[in-house]
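Laboratory data are not the source of any read-out in this text; all were calculated from the coordinates shown. Predicted model, so just to flag it, every value in this text is computed and none were measured. Cβ atoms come from the backbone with ideal geometry, glycine included; neighbour counts cover every protein chain shown.
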Amino acid sequence: TGAELAALFSAHPSIVAWINGHSHKNEVTAHPGFWEVSTASHIDFPQLARVIELTDNHDGTLSLFTTLVESSAPHRADPADLSRTGLAALYRELAANAPKARKDLAGEAVDRNLELVVRRR
């Protein structure tokens with residue numbers, strides 16, 4: 001179960017983050033000794049990729065910087081444009097107009113661009 005996995009991760013000091021994408025939603029959860037960082041799927045709108053950087057603060061803590069980035073492709077596609085940008089625009093337009101698309105997958109502001117601090121154990 002998720003609770004068993006969280007207990008296992010908490011018992012291992014070398015684990016500082018559990019990065020996953022199973023929920024299709026951007027969400028960050030604190031656990032004893034580590035952070036759970038869930039990232040949305042690129043099939044769902046908005047297609048936000050997450051960059052994660054781990055930094056030693058040299059004060060007994062580590063920081064995980066989680067930054068969401070969005071494609072610079074336009075939201076509207078030109079069907080004749082088969083370039084990388086044109087295909088990216090197509091996937092953005094299709095995802096944005098998907099029937100029954102959820103509007104909550106980007107997560108809250110507290111789940112996006114963050115500095116997550118953990119103690120070095």
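Tabulated data for the structure shown
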quantity	calculated
Positive minus negative residues near THR85 (Lys, Arg vs Asp, Glu; Cβ under 15 Å)	-1
Taking all pairs of distinct alpha-carbon atoms in the chain, Kirkwood radius in angstrom	16.0 Å
Mean Cβ count within 10 Å, highest first, over the residues of peptides 44-52, 100-108	44-52, 100-108
Highest to lowest packing among 54-60, 70-76, 26-32, scored as the average C-beta count within 10 Å	26-32, 70-76, 54-60
